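Working notes, beginning with the structure itself.
The values are calculated or read from the model by the stated rules, or taken from the named source; none is laboratory data. These numbers were taken from a predicted model, which means no experiment stands behind them. Please note: Cβ atoms are built from the backbone with ideal geometry, for glycine as well, and neighbour counts cover all protein chains shown.
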Amino acid sequence: MAEKTKKSNATKVLLALIVIVFLVVVIGLVSIDGILKYALQTAITQQLKVDASASKVSLSIFSGTVKVSNLKIGNPSGYQYKHVLEANSIAVTTSISSLLSNPVEINDITIDGISMVIEQKGLTNNLSDILKSIPEKPKTETAEPAKNAKGVHISSVDMKNLSVTAKLLPIPGKSDALTLRIASIHLSNLGGEKSSLGEVAGKIFAAISSEIAAKGAGIFPSDLTGSIQENAGKTLESFGEIGKGLFKPADKSTDKPADQGTQETTTNKLKGLFEKKKN
């Protein structure tokens, strides 16, 4: 009888340990997803000076991928539309070891289903206003980065299925809305050890704006594309060498299980993604 009781108690203890380990793993994964979502939203907001949100950000430790659903970037105040950019899905290919390195190494980002609205207001427009608000990269870096701050390097960014609508100032007899469709945009070699997640987000936004201005020539009014191209160029130039050679020739058409220790380490180290550098 005593032996049966001991076996029963041992079984209960084993089951309790299994449940505890399972809960730790699940909570760890949820925590990682929350950190990544906060990092993305905070970085975009700090760099572009507008609101940013994503409905879901999830990390798959087994495949080394991060998926972002329904990313939305807000308009500056004073514009009619709530968002300047919406992206249906973003797939990021990386690995746990890459996420823990400095800089964080990201192999590829694929952004699919992008909708943008360019809205004129007086002599300016929302894209130009956002581009002008992006902080310039310091010419000399005399300050040391924050202790846990991480740089970010991205080898490749592919954007597919872009739809751009320009809401123009009303002119009698002319349409106040024009649409441009871009099949794809390819960027390469973004960021590095001294580039924060926010700075990389700013570069991507500026590069998209530059491509829209280039491919929208002859479709959108010249004063609109000229303003966007000028401000996008200044923004990319302010980033120094990393702003040059950002585009590579692409489609020119417009038409092992991780253990608890690994997860805890990942959760702590990923926090460096959104820690601001000291000024």
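Tabulated data
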item	result
Test result for Lys37, among the basic types (Lys, Arg) and either at pLDDT 90 or above or touching a His at 6+ places or on another chain (Cβ under 9 Å) (or both)	no
Looking only at region 48-64, and only at residues there that are surrounded by 17 or more Cβ atoms within 10 Å (Cβ to Cβ) and more than 15 Å from Val84 (Cα to Cα), the one that is modelled with the lowest pLDDT	Ile61
Candidate set: region 54-71, residues that are over 16 Å from Asn88 (Cβ atoms) and not polar (S, T, N, Q); chosen: the one farthest from the chain's Cα centre (by Cα)	Phe62
Considering residues of region 137-159 that are of a type in the set (Lys, Arg) and buried (at least 16 other Cβ atoms within 10 Å of the Cβ) only, the residue modelled with the highest pLDDT	Lys150
Residues (buried (at least 17 other Cβ atoms within 10 Å of the Cβ), more than 13 Å from the chain's Cα centre (by Cα) and modelled with pLDDT of 95 or more) located in region 82-113	His83, Val84
Any pair with Cβ under 7 angstrom, 6 or more apart, that starts in region 106-129 at a residue that is within 19 Å of Leu180 (Cβ to Cβ) and ends at one that is in a loop (DSSP other than H, G, I, E, B) and not polar (S, T, N, Q)	Val117/Tyr81; Glu119/Tyr79; Glu119/Tyr81; Gln120/Leu168; Gln120/Leu169; Asn126/Pro76; Asn126/Tyr79
Among the residues listed as Ala177, Ala214, the single one being at pLDDT 90 or above, among the hydrophobic types (A, V, I, L, M, F, W, C) and surrounded by fewer than 19 Cβ atoms within 10 Å (Cβ to Cβ)	Ala214
Residue ID - farthest from Phe239 (Cα to Cα), chosen from residues in region 87-138 that are of a type in the set (Asp, Glu) and touching a helix residue (DSSP H, G or I) at 6+ places or on another chain (Cβ under 6 Å)	Glu119
Any chance Ala201 is at pLDDT 90 or above, in a helix (DSSP H, G or I) and within 13 Å of the chain's Cα centre (by Cα)	yes
